[in-house]
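Scroll down for the structure; my scribbles are underneath it.
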Amino acid sequence: EIVMTQSPATLSVSPGERATLSCRASRSVSSNLAWYQQRPGQAPRLLIYDVFTRATGISARFSGSGSGTDFTLTISSLQSEDFAVYYCQRYNSWPLSFGPGTKVEIK
Amino acid sequence: VQLVESGGGLIQPGGSLRLSCAASGFAVSSNYMTWVRQAPGKGLEWISVLYSGGGTYYANSVKGRFTISRDDSKNTLYVQMNSLGVEDTAMYYCASAVEREHAFDIWGQGTMVTVSS
C-alpha cells in the first residue's frame, strides 16, 4: 500500500506571503494526485486534481506541481481564508488514501 | 448541488448503524460516490466507494464490516456499519466526484458517529 507523507506538519506564514506545501508518495502515483483544503468545522474542499488542474471556482492563488512521488501545492499571497489544513490525496490504486495534512497558520 | 448526511449518533461497541446521504441537484446513480471519515482531531480516511455501475471498494479497516449501497429512487447513498468499535468514532462525510473521477468535489456537512459504552 502506498503511504503518503506531507511536510511540514505546520507552516507559519504571514498574510500576503507565499506558502509551499509538500506531499510525497512512497511509490509513484503518476499524476493521480489531488489537494484539499479543510477549514475548522467544515468539510474538505477540492482545490486541485491531476496534480495541477484547479477545480471549478478555485482561485488562481492555488497551484500544484510535481509528478511521480513528489508534489507541491503553492499558495501565493495568503489571504485570511487560506489559513486551514491541506491534505493531498492519491487515487492511482486501491485503497485511496490521504496524506496526514499540513496546517497553515498565521505567523 | 448538495449532499446531506444523517444517521449518526452514539452507539455501543459491537453495535450497528446505517448512515444516509441524500443528494440533490445530481443523481447518485450517475456518479462516483464515496464515504470518508475523520476521527476527532485527526486527518481524513477514505473508507468506501460505489461506482455508478455498482462496483465497490473498501478500506482494509472496514472491509467485511461496512457495506456501501444506494437507493436510486431516493437519490440516497448509504453505508451500513456493523461490529462497530471505538476506533470507528469519527465524523463521516459522503462525497461525490463529478468533475474528475476519484477527486471529490462535492461534500456533505458530515454526521458524527461515537462508539462508546
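Taking the condition of being hydroxyl-bearing (Ser, Thr, Tyr), out of contact with any Asp or Glu (no Cβ under 9 Å at 6 or more places or on another chain) and at pLDDT 95 or above, how many residues in segment B:1-44 meet it?
Restricting attention to segment B:1-44, the residues satisfying the condition of being hydroxyl-bearing (Ser, Thr, Tyr) are B:6, B:16, B:20, B:24, B:29-30, B:32, B:34.
Checking the rest, the ones that are also out of contact with any Asp or Glu (no Cβ under 9 Å at 6 or more places or on another chain) come to B:6, B:16, B:24, B:30, B:34.
Restricting the remaining residues to those that are at pLDDT 95 or above gives B:6, B:16, B:24, B:34.
Final tally of qualifying residues: 4.
Among the residues in segment B:52-60, are any farther than 19 Å from B:Tyr32 by Cα and at the interface with chain A (Cβ under 9 Å from one of its Cβ atoms)?
Our first condition is that a residue be farther than 19 Å from B:Tyr32 by Cα; within segment B:52-60, this holds for B:60.
From what is left, the residues that are at the interface with chain A (Cβ under 9 Å from one of its Cβ atoms) are B:60.
Yes.
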* Asked: Hey, among the residues in segment A:42-100 that are among the aliphatic types (A, V, I, L, M) and under 12 Å from the mean Cα position of the chain (by Cα), which one's nearest to the other protein chains (Cβ to nearest Cβ)?
  -> A:Leu46
* To do: Name the single residue, out of those in segment A:24-41 being part of a strand (DSSP E or B) and either of a type in the set (Gly, Ala, Ser) or over 23 Å from A:Pro95 (Cα atoms) (or both), that is farthest from the other protein chains (Cβ to nearest Cβ).
  => A:Ala25
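Taking the criterion of being of a type in the set (A, V, I, L, M), assigned to a strand (DSSP E or B), out of contact with any Asp or Glu (no Cβ under 7 Å at 6 or more places or on another chain) and within 20 Å of B:Ala22 (Cα to Cα), would at least one residue in segment B:62-71 satisfy it? Quick ask: steps written out before the conclusion?
Of the residues in segment B:62-71, the ones of a type in the set (A, V, I, L, M) are B:62, B:68.
Filter once more, keeping what is assigned to a strand (DSSP E or B): B:68.
Next cut, out of contact with any Asp or Glu (no Cβ under 7 Å at 6 or more places or on another chain) only: B:68.
Adding the requirement that they be within 20 Å of B:Ala22 (Cα to Cα) leaves B:68.
Yes, that holds for at least one residue.
Here is a yes/no grid of residues against (1) within 21 Å of B:Ser48 (Cα to Cα); (2) in a strand (DSSP E or B); (3) of a type outside the set (Lys, Arg):
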residue: A:Ile58; (1), (2), (3): no, no, yes
residue: A:Ser63; (1), (2), (3): no, yes, yes
residue: A:Leu73; (1), (2), (3): no, yes, yes
residue: A:Ser77; (1), (2), (3): no, no, yes
residue: A:Glu81; (1), (2), (3): no, no, yes
residue: A:Gln89; (1), (2), (3): yes, yes, yes
residue: A:Asn92; (1), (2), (3): yes, no, yes
residue: A:Pro95; (1), (2), (3): yes, no, yes
residue: A:Pro100; (1), (2), (3): yes, no, yes
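Residues checked against (1) surrounded by 12 or more Cβ atoms within 10 Å (Cβ to Cβ); (2) not aromatic (Phe, Trp, Tyr):
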position: B:Tyr32; (1), (2): yes, no
position: B:Trp35; (1), (2): yes, no
position: B:Gln38; (1), (2): yes, yes
position: B:Ser52; (1), (2): yes, yes
position: B:Gly55; (1), (2): no, yes
position: B:Val62; (1), (2): yes, yes
position: B:Ile68; (1), (2): yes, yes
* **Odd one out for B:Asn60 among (1) out of contact with any strand residue (DSSP E or B) (no Cβ under 8 Å at 6 or more places or on another chain); (2) touching a residue at least 12 places away in the same chain (Cβ under 8 Å)** => (2)
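Taking segment B:69-98 only, how many residues are under 16 Å from B:Leu3 (Cα atoms) and either touching a residue at least 12 places away in the same chain (Cβ under 8 Å) or within 14 Å of another protein chain (Cβ to nearest Cβ) (or both)? Full working, then the answer.
Of all residues in segment B:69-98, those under 16 Å from B:Leu3 (Cα atoms) come to B:69-79, B:91-98.
Retained after the next criterion (residues that are either touching a residue at least 12 places away in the same chain (Cβ under 8 Å) or within 14 Å of another protein chain (Cβ to nearest Cβ) (or both)): B:69-70, B:72, B:74-79, B:91-98.
Residues in segment B:69-98 being under 16 Å from B:Leu3 (Cα atoms) and either touching a residue at least 12 places away in the same chain (Cβ under 8 Å) or within 14 Å of another protein chain (Cβ to nearest Cβ) (or both): 17 in total.
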* Asked: Which condition does A:Val51 not pass, out of (1) under 19 Å from B:Tyr93 (Cα atoms); (2) of a type in the set (A, V, I, L, M); (3) in contact with a Gly (Cβ under 6 Å, 6 or more places away or on another chain), if it passes all the others?
  -> (1)
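Please specify each residue of segment B:99-112 satisfying the condition of being touching a residue at least 40 places away in the same chain (Cβ under 8 Å) and surrounded by fewer than 19 Cβ atoms within 10 Å (Cβ to Cβ). Talk me through it step by step, then tell me what you get.
We begin by selecting, within segment B:99-112, every residue touching a residue at least 40 places away in the same chain (Cβ under 8 Å); these are B:101-102, B:104, B:106-112.
B:Glu101, B:His102, B:Gln109, B:Met112 - these are the residues of segment B:99-112 that are touching a residue at least 40 places away in the same chain (Cβ under 8 Å) and surrounded by fewer than 19 Cβ atoms within 10 Å (Cβ to Cβ).
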* Asked: Got a sec? Which of B:Leu17, B:Leu3 is buried (at least 23 other Cβ atoms within 10 Å of the Cβ) and either in contact (Cβ under 8 Å) with a residue 12 or more places away in the chain or among the hydroxyl-bearing types (Ser, Thr, Tyr) (or both)?
  -> B:Leu3
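The values are calculated or read from the model by the stated rules, or taken from the named source; none is laboratory data. Predicted, not measured: the structure shown is a model, and the values here were computed from it. Positions of Cβ are generated from backbone atoms using ideal geometry, with glycine treated the same way; all protein chains shown enter the neighbour counts.
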